[in-house]
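Colleague: Got a structure for you, written out below as structure tokens; questions coming shortly.
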Amino acid sequence: MNRRRGRSGSKPSLDEVSSDFLSNTNEEQSALISSSSSGKVSKTQVKNFDSANRNVNSKVVRSRKSRKEVVSDEAICINKESNSEALVALMAGFSSDSLKDEEIEARVVGVVGRMEQYNYILIWNHIITKWRENVSIWLTKDMFVDVIPERCSELLDSAYNYLLSYGYVNFGVALAIKDKIPTRPSKGRVIVIGAGLAGLAAARQLMLFGFEVIVLEGRKRAGGRVYTKKMEGENKVAAADLGGSILTGTLGNPLGLLARQLSYTLHTVRDQCPLYHADGKPVDEYLDKKVETAYNELLDKVSKVRQDKNYL
């Protein structure tokens, strides 16, 4: 990330990456997504099966719910846009070829790394893609019953329940979502510390689960580090953002989804970003560039140190 604006050698934005991805052929998309393979089942390995109905070595796995034996030896085919749907999952922060630790702990599949996991990932991708096409609706599991094979109904349950519980679908401020919050809490009381975006999102999710929620905030306002100061003069009103104000990419950004739900207009940030002193005079351009260069060099070094530690 850059302090304020783009620079040569910086990483492309998520929007730019997704645009390049979608312009590739299906074969190139498969190669891009599978390039990060860690040895687990890839989200786009359907090509390795020649067709969705091709049989592979039959494996019998045990269901995590009924514990009955079910045959899961075929790759399902929901639609022909599996590569594009895999990209949506990438933008939502999920790996292209493996499960999150929290998914494994939740036992969303009976056996990790088998065909069951591959089909689960396809279903997962399809569900989140459909919701992001229209983030103002309440997505129900019944919407997918006709397109998901009956033999994968338990995988549909797992994928939908996981996405709903962890707030990857059906979140935000749309009217259809607000209407789903119970008017009378049916569970215990929870106290959330902080009325920033994270605190308010957690409170909304807990209320959706049926809890009574109390939010405690030290300031006299909500919003946390996001704060817009309004200034009024003679027949004029202006605003200045004193905290977070820029969305770096909107395709996978939850705030981008909130903007869509509220029908807010997003404005492209200009490359020119002049700075001003407290007295209103502009900051020396040479000094500004020198500080920015030093900041970005420091940021790159810290990023490298962090990556090196992750490999240890």
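Taken together, the values in this text are just the output of simple stated rules run on the coordinates, not laboratory data. Because the structure is a prediction, the values reported are computed rather than measured. For neighbour counting, all protein chains shown are included, and Cβ atoms are generated from backbone atoms with ideal geometry for every residue, glycine included.
Colleague: Using the crude model of +1 on Lys and Arg Cβ and -1 on Asp and Glu Cβ, and no other charge, please compute the dipole size for region 171-269 relative to its Cα centre, in debye to 20. Numbers along the way, then the final one.
Modeller: Numbers: 14 positive and 6 negative charges, 51 e Å.
Dipole of region 171-269, to the nearest 20 debye: 240 debye.
Colleague: What trypsin sites (Lys or Arg not before Pro) in region 211-312 are in a loop by DSSP, with at most 13 other Cβ atoms within 10 Å of the Cβ? Write down the numbers at each step before the final one.
Modeller: On the way: sites: 219, 220, 221, 225, 229, 230, 236, 260, 270, 289, 290, 301, 304, 306, 309; in loops: 219, 220, 221, 225, 236, 270.
Here the sparse-neighbourhood loop sites are 219, 220, 221, 225, 236, 270.
Colleague: Compute the distance from the alpha-carbon center of region 141-163 to that of region 179-213, in whole Å.
Modeller: When both Cα centres are located, 27 Å separates them.
Colleague: A further question on this structure: Could you please report the charge total around residue 166, scoring K, R as +1 and D, E as -1 over all other residues with beta-carbon less than 10 angstrom from its beta-carbon?
Modeller: Numbers: positive: 100; negative: 102, 103.
Here the count lands on -1.
Colleague: Beta carbons within 10 angstrom, averaged per residue: use that to sort the peptides 186-192, 196-202, 276-282, highest first. Don't skip to the end; give the middle numbers.
Modeller: On the way: 186-192: 12.0, 196-202: 16.9, 276-282: 7.4.
Answer by packing, highest mean first, reads 196-202, 186-192, 276-282.
Colleague: Can you list residues from other chains, or at least 5 along the same chain, whose modelled amide H is less than 5 Å from the amide H of residue 213?
Modeller: 190
Colleague: Skipping prolines and chain starts, which residues have an amide H placed within reach, meaning under 5 Å, of the one on residue 114, given they are 5 or more residues away or on another chain?
Modeller: none
Colleague: If I take R0 = 30 Å and measure r between the Cβ atoms of residue 279 and residue 222 in this structure, what FRET efficiency does the formula 1/(1 + (r/R0)^6) give, to the nearest 0.05? Working shown, then result.
Modeller: Working: r = 32 Å, r/R0 = 1.06.
My answer for the efficiency is 0.40.
Colleague: Among 292, 234, 81, what is the fewest-to-most ranking by other Cβ atoms within 10 Å?
Modeller: Working: 292 17, 234 4, 81 14.
Starting with the residue having the fewest Cβ neighbours, the order is 234, 81, 292.
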